[in-house]
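The values are calculated or read from the model by the stated rules, or taken from the named source; none is laboratory data. Computed from a predicted structure; not experimentally measured. Note: ideal-geometry Cβ built from the backbone for every residue, glycine included; neighbour counts use all protein chains shown. We work out accessible area using only protein heavy atoms, side chains counted, and drop any ligands, DNA or RNA first. Shrake-Rupley method; radii C 1.70, N 1.55, O 1.52, S 1.80 Å.
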There are 2 protein chains.
Amino acid sequence: MADSLNERSQNILEAIVEDYISSAEPVGSRAISRKHNLNLSPASVRNVMADLEEMGLLCSPHTSAGRIPTEKGFQYYIDTLLEVRDLNSNEKQNLRNSYRFQNMRMEDIMQEVGRVLSSLSQYTGLVMAPKFISTVFRQIEFIRLSRGRLLMIYVSETGLVQNKVIEADSSLTTSDLEYISNYLSSELNGLSIQEVRTKLSRELQEDRIHYDKLKKQALNLSCAALQDEIEDQIYVSGASLILGQPEFSTPEQMKRLVQAFESKKLLIELLDRGHSARGVQIFIGSESNQVDLEGCSLITSNFSNQKGAIGTLGVIGPIRMNYSQVVPIVDFTAQLVSRVLDREIGQD
Amino acid sequence: MADSLNERSQNILEAIVEDYISSAEPVGSRAISRKHNLNLSPASVRNVMADLEEMGLLCSPHTSAGRIPTEKGFQYYIDTLLEVRDLNSNEKQNLRNSYRFQNMRMEDIMQEVGRVLSSLSQYTGLVMAPKFISTVFRQIEFIRLSRGRLLMIYVSETGLVQNKVIEADSSLTTSDLEYISNYLSSELNGLSIQEVRTKLSRELQEDRIHYDKLKKQALNLSCAALQDEIEDQIYVSGASLILGQPEFSTPEQMKRLVQAFESKKLLIELLDRGHSARGVQIFIGSESNQVDLEGCSLITSNFSNQKGAIGTLGVIGPIRMNYSQVVPIVDFTAQLVSRVLDREIGQD
DNA sequence: ATTAGCACTCACCTCTGATGAGTGCTAATA
DNA sequence: TATTAGCACTCATCAGAGGTGAGTGCTAAT
């Protein structure tokens with residue numbers, strides 16, 4: 001149905017959306033007929049606007065105000081009218097230069113990505129570090145904390161460090177732990193977590209392993225350590241930028257957003273949505289299904305190195321976001337980060 | 001000078017401060033003369049109020065409003081009038097029960113502390129994890145990331161894991177690194193970072209070490225890894241709570257605060273102020289010297305285990321904070337966390 | 001020394017009318 | 001038949017006016 005719009009309607013809708021994106025104010029027929037050289041009188045524009053309103057693509061706050069695009073209007077704009085141009089090589093170079101990735105830990109890289117995303121887009125940057133489950137095993141260490149409690153340190157191929165406290169048999173000596181660490185690290189090196197898990201459970205079932213008590217304990221320990229998920233890490237940058245947007249200028253709106261940004265769980269859930277997709281994804285307004293994020297749109301893209309290690313980055317802003325500007329930034333940044341992660345383990 | 005206040009003046013100042021703390025509104029003479037049974041008419045109260053205003057302890061937003069305490073007024077209240085009662089054993093038990101510390105990584109503990117602090121105080125909780133410099137060496141690992149780049153993982157006595165990427169001689173093999181890790185871990189175990197540093201620089205100067213090339217490399221590596229500070233970790237919880245306070249209800253104020261909370265550097269600087277002191281410290285308003293935190297007060301206390309590992313926790317709220325309620329919470333929480341950190345490495 | 005009394009101040013609320021941007025409808029026009 | 005000029009109408013926004021009430025400072029009485 002929405003596709004049945006004729007060209008004039010499309011032009012006018014596009015004009016309204018773009019005017020609204022830059023002004024955040026209801027757009028009147030007069031403004032459209034003048035600024036965009038459509039050679040149409042305000043009256044004609046009004047007629048089309050009335051049609052668009054009937055279709056649910058526009059609405060007006062009150063009788064004597066202009067029109068603003070509805071969520072559905074934005075949806076249509078994004079699906080049909082938005083042309084995302086690629087960055088030219090100059091812009092790409094600028095973007096590359098914005099990032100400082102030298103000698104950074106994974107955490108620092110993620111933080112840096114958030115920082116740049118938010119400062120370039122002037123909205124809020126979100127980054128979710130590669131998920132534990134998507135990483136490739138590199139090394140594992142066990143350190144005794146107190147009787148019966150061990151600290152497990154896991155390092156992935158890309159240098160992502162995650163740790164976890166596990167309960168364990170208190171009879172293990174320090175050298176036992178060292179042996180176990182070495183044994184597991186060499187056994188599991190290069191396997192994906194998925195493969196690690198199947199390997200572990202298979203070996204645990206095999207009988208012969210039972211002859212070597214230490215090896216069995218190694219398997220038990222690593223099961224305890226690696227079987228469960230490890231909480232995703234998420235980075236929010238430039239939260240104050242989105243608060244500067246007029247649609248969130250009331251104290252209530254601000255509190256709501258800050259609350260949402262504080263809830264890592266909510267954000268993880270949000271970013272997980274696009275986690276299997278390739279390329280840039282756009283979630284408009286109520287698609288997020290989060291009351292606290294009402295009025296927000298999210299532009300995300302996944303990044304990953306060649307061995308897996310999938311994370312997600314993106315920008316969250318008002319529905320009235322400058323999609324044509326932000327989408328290429330998110331897109332290219334994801335590519336950039338993917339390449340950086342490869343370099344992390346590469347030989348250059 | 002401030003101490004020259006007579007008892008009546010003190011009583012009235014106290015009454016005004018406490019009324020203002022609970023109402024956030026200017027306090028009138030009538031309210032004081034009635035609610036607090038001072039047996040004084042409003043007119044008498046007004047006389048005293050005028051004196052207090054002249055001393056700079058009170059001010060009035062305009063002629064026909066009541067009085068509100070100035071920063072100096074709050075300072076006086078805190079220094080002279082505030083009586084901080086200890087929690088009774090019931091309250092202590094409740095507080096203990098609020099915290100869930102089982103099998104938690106240091107990060108989780110810090111986060112949990114922030115969560116509980118903010119939810120109990122209804123202001124914003126701040127926690128700074130034990131500073132790297134104050135920790136006791138437990139173990140160090142080096143993992144090759146790519147040619148010339150190593151990931152260093154440092155684990156402190158309390159299980160604080162910190163990592164860092166360093167550039168290094170690319171000729172080191174995996175087993176070299178393993179040897180180096182083991183050598184350093186056994187050499188440095190139990191030393192404070194301060195001691196580690198002096199030991200390292202002393203050994204590097206000694207000649208005999210130069211015969212063992214690998215040991216020399218070990219020392220070089222650990223110098224590169226441990227000589228610089230590692231960035232402090234800071235946790236902010238319940239930022240939205242402070243935004244609910246009437247003094248920060250305008251959009252500008254909110255944006256300002258959110259910005260301040262986003263700047264880890266600023267917060268670290270703030271918490272560092274009280275870092276050498278013992279017991280609870282209170283920083284009122286402009287004492288923070290941070291324009292972005294204008295109108296805020298900070299209540300902090302350090303925590304530490306018996307071996308060092310000093311961190312700081314606290315609550316940030318409006319100057320009009322409920323000090324008598326929050327101070328004991330911060331105080332007892334710091335004691336609690338200190339004990340938990342000891343248990344981390346203890347034998348129970 | 002304390003307090004009752006009183007004039008005074010001023011934020012806050014509500015009501016009012018003016019303004020103007022923008023609309024919908026209708027009739028004239030190309 | 002599609003477009004547009006014209007016009008009455010709507011309604012948010014703003015400024016000014018008047019009323020209200022909480023609270024003050026001062027003075028004179030207790």
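Listed here are the residues, each with its yes/no results for (1) assigned by TED's automatic domain parsing to the domain that holds A:Leu145; (2) among the hydrophobic types (A, V, I, L, M, F, W, C); (3) buried (at least 17 other Cβ atoms within 10 Å of the Cβ).
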{"residue": "A:Ala168", "(1), (2), (3)": "yes, yes, yes"}
{"residue": "A:Ile180", "(1), (2), (3)": "yes, yes, yes"}
{"residue": "A:Leu184", "(1), (2), (3)": "yes, yes, yes"}
{"residue": "A:Asn189", "(1), (2), (3)": "yes, no, no"}
{"residue": "A:Glu195", "(1), (2), (3)": "yes, no, no"}
{"residue": "A:Leu200", "(1), (2), (3)": "yes, yes, yes"}
{"residue": "A:Leu204", "(1), (2), (3)": "yes, yes, no"}
{"residue": "A:Gln217", "(1), (2), (3)": "yes, no, yes"}
{"residue": "A:Ser222", "(1), (2), (3)": "yes, no, yes"}
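Contact annotation: residue pairs with Cβ atoms under 8 Å, 6 or more positions apart or on different chains, pairing a residue in region B:249-267 that is more than 10 Å from chain A (Cβ to nearest Cβ) with a partner that is small (Gly, Ala, Ser), are B:Leu266/B:Ala260; B:Leu267/B:Ala260.
If the condition is being of a type outside the set (Gly, Ala, Ser), within 30 Å of B:Ile133 (Cα to Cα) and either more than 9 Å from chain A (Cβ to nearest Cβ) or part of a helix (DSSP H, G or I) (or both), then region B:234-248 contributes B:Ile234, B:Tyr235. Residues in region A:5-39 that are of a type in the set (D, E, K, R) and over 17 Å from A:Glu71 (Cα atoms): 5 in all. Looking across region B:23-43 at every residue that is away from DNA strand C (no atom under 11 Å from the Cβ) and without any contact (Cβ under 8 Å) to a residue 12 or more places away in the chain, the one that is nearest to the other protein chains (Cβ to nearest Cβ) is identified as B:Ser23. One residue stands out in region B:44-69 among those that are assigned to a helix (DSSP H, G or I) and within 13 Å of DNA strand C (Cβ to nearest atom): the one that is most open to solvent (accessible area, probe 1.4 Å), namely B:Arg46.
Of the residues screened, A:Glu187 is one that is modelled with pLDDT of 90 or more and either out of contact with any strand residue (DSSP E or B) (no Cβ under 7 Å at 6 or more places or on another chain) or at positive phi (or both). Among the residues that make up region B:303-311, is at least one of them in a loop (DSSP other than H, G, I, E, B), in contact with a Gly (Cβ under 7 Å, 6 or more places away or on another chain), outside the structural domain of B:Glu14 (by TED's automatic domain parsing) and open to solvent by less than 30 Å² (accessible area, probe 1.4 Å)? No, because not a single residue in region B:303-311 is in a loop (DSSP other than H, G, I, E, B), in contact with a Gly (Cβ under 7 Å, 6 or more places away or on another chain), outside the structural domain of B:Glu14 (by TED's automatic domain parsing) and open to solvent by less than 30 Å² (accessible area, probe 1.4 Å). As a summary of the residue check, B:Glu231 satisfies the conditions (1) at pLDDT 90 or above; (2) out of contact with any Lys or Arg (no Cβ under 7 Å at 6 or more places or on another chain); (3) closer than 26 Å to A:Ser175 by Cβ; (4) outside any strand (DSSP E or B) except for the one numbered (3).
Taking region B:1-42 as the range and being within 12 Å of DNA strand D (Cβ to nearest atom), more than 35 Å from the chain's Cα centre (by Cα) and open to solvent by 50 Å² or more (accessible area, probe 1.4 Å) as the test, the residues that pass are B:Arg30, B:Arg34, B:Lys35, B:Ser41. Checked against (1) open to solvent by less than 10 Å² (accessible area, probe 1.4 Å); (2) touching a strand residue (DSSP E or B) at 6+ places or on another chain (Cβ under 6 Å); (3) away from chain B (no Cβ under 14 Å), A:Ile319 passes all but condition (1).
For beta carbons closer than 8 Å, sequence separation of 6+ or different chains, a first residue in region A:52-69 that is among the polar types (S, T, N, Q) and a second that is away from DNA strand D (no atom under 13 Å from the Cβ) and open to solvent by 60 Å² or more (accessible area, probe 1.4 Å), the qualifying pairs are A:Ser60/A:Glu53.
Residues that are hydroxyl-bearing (Ser, Thr, Tyr), open to solvent by 30 Å² or more (accessible area, probe 1.4 Å) and touching a residue at least 40 places away in the same chain (Cβ under 8 Å) do occur in region B:271-287, at least one of them.
Each residue in region A:80-113 was checked for being part of a loop (DSSP other than H, G, I, E, B), open to solvent by less than 70 Å² (accessible area, probe 1.4 Å) and within 14 Å of chain B (Cβ to nearest Cβ), and 4 pass. Of all the numbered requirements in (1) under 30 Å from B:Val337 (Cα atoms); (2) surrounded by 23 or more Cβ atoms within 10 Å (Cβ to Cβ); (3) in contact with a helix residue (DSSP H, G or I) (Cβ under 7 Å, 6 or more places away or on another chain), B:Gln162 misses one, and that requirement is (2).
Yes or no, residue by residue, for (1) at the interface with chain B (Cβ under 7 Å from one of its Cβ atoms); (2) touching a His at 6+ places or on another chain (Cβ under 8 Å); (3) buried (at least 23 other Cβ atoms within 10 Å of the Cβ):
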residue: A:Met128; (1), (2), (3): no, no, yes
residue: A:Ser134; (1), (2), (3): no, no, no
residue: A:Ile143; (1), (2), (3): yes, no, no
residue: A:Arg147; (1), (2), (3): yes, no, no
residue: A:Val155; (1), (2), (3): yes, no, yes
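If you check A:Val291 against the conditions, is it open to solvent by less than 10 Å² (accessible area, probe 1.4 Å) and out of contact with any strand residue (DSSP E or B) (no Cβ under 7 Å at 6 or more places or on another chain)? Spelling it out, it is not the case that A:Val291 is open to solvent by less than 10 Å² (accessible area, probe 1.4 Å) and out of contact with any strand residue (DSSP E or B) (no Cβ under 7 Å at 6 or more places or on another chain).
Identify, please: which residue in region B:118-139 is in contact with a Ser or Thr (Cβ under 6 Å, 6 or more places away or on another chain) and more than 17 Å from B:Arg343 (Cβ to Cβ) and is, among those, modelled with the lowest pLDDT? Residue satisfying both the conditions and the ranking: B:Gln139.
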